[in-house]
Every structure is written in structure tokens, then in C-alpha cells.
Amino acid sequence: MDNISNQDRATVLINALPYIKKYSGKIVVVKYGGNAMVNQELKNSVMKDIVLLSLIGVKVVLVHGGGPEISDMLGKLGKESVFNNGLRVTDKETVEVVQMVLAGKVNKDLVNLLQVNGGVAIGLSGIDGQMIDADFKHKDLGYVGNIRKVNVQPILDQLEKGYIPVISTIACDKDGNVYNINADTAAAKIAGELEAESLITMTDISGILMDKDDPDSLVSKLTIKEAEDYIKKGIINGGMIPKTECCINAVKWGVKKVFIIDGRKKHSIIMEMLTNEGLGTMFEE
């Protein structure tokens, strides 16, 4: 940045003004995961983006998973990670590890990193304030949760006080059972209940591709109907199907703009929100 003139800096800020005006005072939910959550340089980039948005008046809510960290901890405890259709089979012992890792280490590390970068954050889980009420998704998956209801009041309370809420995706039921919740699903549901301006889902690819082997085949905009057709035709396949379905649902639940962006690129959130050269795929009605 040292080789950029003051004139260029001023021009960049002025060009960002319409976007700042559009998002200031609005709620934006960021679903954080993938390589951007593992690579330290990218992690710092994401945190700086979120702090900048917060400082210009955007009410950012950060929703995170932590699959690699859970697998790592299970491995240290000598317990094998088992998956069924992409979902972690979660017995009683595993859900205790999930709670410890997500609501403990991962959540507090992110809160700490946001604050190191100049933000003011507070860590929450789906258990706090009965935020996420869940039940069993399927008996074969164990304590993997199906979201029944989301109470966003704890999130709104922290936003009102100026905090960046950082939410780990575990949930509970009225009997005290704890559940592991898919982070994409939780972020979509939370964004819908908050009537968020945007949901930004960070992934390890550039967005929806017409040809998965051709990065230049990026689809910059998709309607819900087009996205559903792409799934039926197999254009959207594999691990992108559940992510796309979460984006479709978020739009149906009232989120105004939903994006899948490439979390492997530094400052991808800022480039998507505050410039005219969006990086990923936007979903709309």
C-alpha cells in the first residue's frame, strides 16, 4: 500500500461511497469456513474485512463451523471421524468434542483475532439464549441437529451494543441435548430470521461454475429457479448442492442478496461488497 498515492487512496474511498451508503446500518451475515479459516494469512484478511465493515456502520454477524479442527481434536483423542452423505456422524462422545472445539477454542480464537484487528466482538453459540432450537435430523447421524426454530434476539442485543457477534453452530433442545448443526444451514436460517441485507458464504471455489473444470465459466448471477434447474441438470453437483440449497432457502426466507464467494482470495468480502467487480455468484429471486 505504500506505493499508492494519496490521490489513488482518495479515489478508491470515493468509489466505495455508494456501496458504503447501501450497506451502512444494514445486517450482513458472513458464513465463514473452508481454506480461509485454516490459512492464517487469509484468516487475518477476513477479520480485517469484517472489522472495516463494522467501522463503517455495517452490522456484521459472523457464523462459523470448524470441521477440520473437530477432526483434529477427535484424532488426538484416538477417535475416528465418520461421515454419512457429507455429515459427521455424531455420537454422545463426539458431540461433547464438537461443543468444546466450536463454542470454545474456535469461537474464542475468532473473537480474539477480530479484537486484535481493531474490532469489538463477542462469542455466542446456538445454545446461548436458546438461539437455535433443534432436534435429531436422522437417527443414523446421532446428535446432528435439524433446526426447528431460531431466536435472533441475543444477536440483535449484541448488535445494538456495537459488538460483532461470532456464532458457533451448535444447538440444544428442551431436554438439554446438544446438537452439531451444519454451518451453511444455520447461517441461512439466521440470516433469514434477521431479515439480513446479505448473506455471504465463503467457499474454496470461485462460485457456481457452468463447467467445474473451467474457472472462467463462473456464473455471476442466478435466480432461484435457474439454481434449482442447474441442480436437476447436474451442473451444480457434489458438495456444492447443499451450499446452493442453503443459498436458495436464504432468498426464500427473505435475505435480499445472497452470495457464494471465493474465500481463498484476500479481502474477497470487501471486493464483493464495496466494489463493482463482484467475485462470486449472487442468488436472487
query: Based on DSSP, what percent of beta bridges with both residues in the chain are antiparallel, to the nearest 5?
result: 30
field: Listed peptides 183-191, 98-106 by packing density, highest first (mean Cβ within 10 Å)
entry: 183-191, 98-106
message: Projecting each Cα onto the charge dipole of the chain (Lys/Arg +1, Asp/Glu -1 at the beta carbon, about the Cα centre), which of TYR143, ALA188, ILE50 comes out farthest on the positive side?
response: ILE50
- prompt: Normalised by the residues of the chain, what does the relative contact order come to in percent, with Cα pairs under 8 Å and at least six apart?
  reply: 21
- request: Please list, or write none, the aspartates and glutamates whose alpha carbon is within less than 14 Å of the alpha carbon of LYS139, excluding same-chain residues fewer than 8 places away.
  value: ASP91
- request: Let me know the charge dipole size of the range 96-140 about its Cα centre in debye, to the nearest 20, where only the beta-carbon of Lys, Arg (+1) and Asp, Glu (-1) is charged.
  value: 140
message: Let me check I have the definition right: for the range 204-282, take the eigenvalues of the Cα gyration tensor, multiply each by 5, take square roots. What are those semi-axes in whole Å, largest first?
response: 19, 16, 10
query: How many times 2.2 N^0.38 Å is the alpha carbon radius of gyration of the range 125-215?
result: 1.26
task: Quick one: dipole size for the range 14-160, taken about the Cα centre, charges +1 on Lys/Arg Cβ and -1 on Asp/Glu Cβ, in debye to the nearest 20.
output: 460
- request: First compute the accessible area of the chain with a 1.4 Å probe, then give the percent of it belonging to carbon and sulfur atoms.
  value: 51
query: What size of dipole, in debye to the nearest 20, comes out for the chain about its Cα centre when the only charges are +1 on Lys and Arg C-beta atoms and -1 on Asp and Glu C-beta atoms?
result: 420
query: Based on DSSP H runs of at least 4 residues, each adding -39500 (n - 2.57), what is the mean residue ellipticity at 222 nm of the chain after dividing by all its residues, to the nearest 500 deg cm²/dmol?
result: -12000 deg cm²/dmol
Calculated on alpha-carbon atoms, Rg and Dmax of the range 1-104 in Å: 19.4, 59
- prompt: What residues qualify as long-range amide H neighbours of LYS257, i.e. H under 5 Å apart, gap of 5 or more or another chain, H built at 1.01 Å from N?
  reply: SER198, LEU199
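The values are calculated or read from the model by the stated rules, or taken from the named source; none is laboratory data. All of these numbers come straight from a predicted model, not from anything done at the bench. Virtual Cβ from ideal backbone geometry, glycine too; neighbours counted across all protein chains shown. When the accessible area is computed, the model is the full protein with side chains, heavy atoms only, and any ligands, DNA or RNA have been set aside. Shrake-Rupley method; radii C 1.70, N 1.55, O 1.52, S 1.80 Å.
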